[in-house]
Every structure is written in C-alpha cells, then in structure tokens.
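Quick notes on the structure that follows.
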Ligand SMILES: [Zn+2]
C-alpha cells in the first residue's frame, strides 16, 4: 500500500465498508439497514496525515522515526477502537474519558480493557479475524521503540533501529486498518447492540 485506505462508516451502527457504493449511499447499511446519507470517512483526516508522513519517512530510510511514529499511530488507533466499543455499549463521553484515563498504558488497554469490553483476549480476536501474528509483531515494535527511547539499567539504550524493524512497522500499519475494521464490525456494528443515540436536544 502507498497510502491509507478509505472506508465509509454508517452513522447509525458504526459499520465500516470499503465498498464505494456504500460510500456514495447507493447501498443501504448491511447491518442496520440505514439509508445512505452522511457516511463519514475512516480513517480520520488526522490519522491520514500522520499515515502519509510515516510513509514519507519510510521512503527516506528514517527507520527510527518510522518505528516511533507507527508505534504511536497503532496506540491512537487502539484508543479509537476502544472508544467506539464503549460508545456502542452505551457509555457517554464522561464515562469513556474516565475509563480511558484509568488505563493509559498500552499493555493495560490490550491486556485488561479489551477483554473486559469484548469478552475475548485481543490475541484471540486478532487470530479469529485472520491476524494471528499481529499482536506479537506489534509487541516487538513496541519493544524496539522502548529500547531506543529509554535507557535500560541493564543494557543501556539501543543505539539504532534497523530497516527490518521499520519494514515490520510498515506492514503492521497496513494490516492495522484491515484488523481495525474487522474488530469494529464485530464488536461495534451489531444489530444486537445498537449504538445509543442521544435524545433530541440533549
Ligand atoms: Zn448501519
């Protein structure tokens, strides 16, 4: 991939699809049947800008910057998916803020928050959706980023991040969009748990 992919979102249930006819509104939502107006685009403009900067750094062989930015990008996208799952479960803004503030570390979000909210370990969900190696490869990228940024009392800082780890990060960046959409459609867009809509005027 040489740019972020484009998905379209159903404003009623949060279902995401890459189908252009879904984006233009010709096709009703396959999950909730909502008609096709005002479908927003995923990823957001903010993530799209970050994506294109990461790809530029990768083309310039800036391996350290690529790994650091991909690690930050993946954490932002995970926060987004957890926020969407909370919203689908009926949590309002203040509840979502408290939950996400209470679990700021990436390890806790993956290891505790995600299974609490979905009833599945992140690793299980990723494997079932066809991305079995994604969680372990993501851990390797985080470890490489941390070793580069932080001094270790045992080994000292790792001086460089190699091109191979940057390539692995770029693969994860591309896979993260697909995995995010599958997780979204499984745990957010569901006719069994429709998204709570605020009453008029609230
Ligand atoms: Zn829908």
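For the stretch 1-19, how many residues are crowded, with 16+ Cβ neighbours inside 10 Å and more than 15 Å from the ligand (Cβ to nearest atom)? Looking only at that region, the number is 1.
Could you list all residues from the stretch 20-61 that are within 13 Å of the ligand (Cβ to nearest atom) and closer than 19 Å to residue 183 by Cβ? Please lay out each step first, then the result.
Of the residues in the stretch 20-61, the ones within 13 Å of the ligand (Cβ to nearest atom) are 22, 25, 27-40.
Selection gives 22, 29, 30, 31, 32, 40.
How many of the residues in the stretch 56-75 are surrounded by fewer than 16 Cβ atoms within 10 Å (Cβ to Cβ) and farther than 15 Å from residue 144 by Cβ? Give the steps one after another, and end with the answer.
Applying the first criterion (surrounded by fewer than 16 Cβ atoms within 10 Å (Cβ to Cβ)) to the stretch 56-75 yields 56, 59-61, 72.
Still in the list and also farther than 15 Å from residue 144 by Cβ: 56, 59-61.
Within the stretch 56-75, residues that are surrounded by fewer than 16 Cβ atoms within 10 Å (Cβ to Cβ) and farther than 15 Å from residue 144 by Cβ number 4.
Out of 90, 111, which single residue is away from the ligand (no atom under 16 Å from the Cβ) and in a loop (DSSP other than H, G, I, E, B)?
Exactly one residue qualifies, and that residue is 90.
A single entry from 159, 132 fulfils the requirement of being surrounded by fewer than 20 Cβ atoms within 10 Å (Cβ to Cβ) and at pLDDT 95 or above: 132.
Just to check your reading of the model, which residue among 56, 48 is within 19 Å of residue 79 (Cα to Cα), assigned to a helix (DSSP H, G or I) and either modelled with pLDDT under 90 or under 21 Å from the mean Cα position of the chain (by Cα) (or both)?
Working: 56 fails: within 19 Å of residue 79 (Cα to Cα).
The conditions single out 48.
The values are calculated or read from the model by the stated rules, or taken from the named source; none is laboratory data. A quick note: this is a predicted structure, and the numbers were derived from the prediction, not measured. FYI the Cβ positions are ideal-geometry reconstructions off the backbone, even for glycines, and counts take in every protein chain you see.
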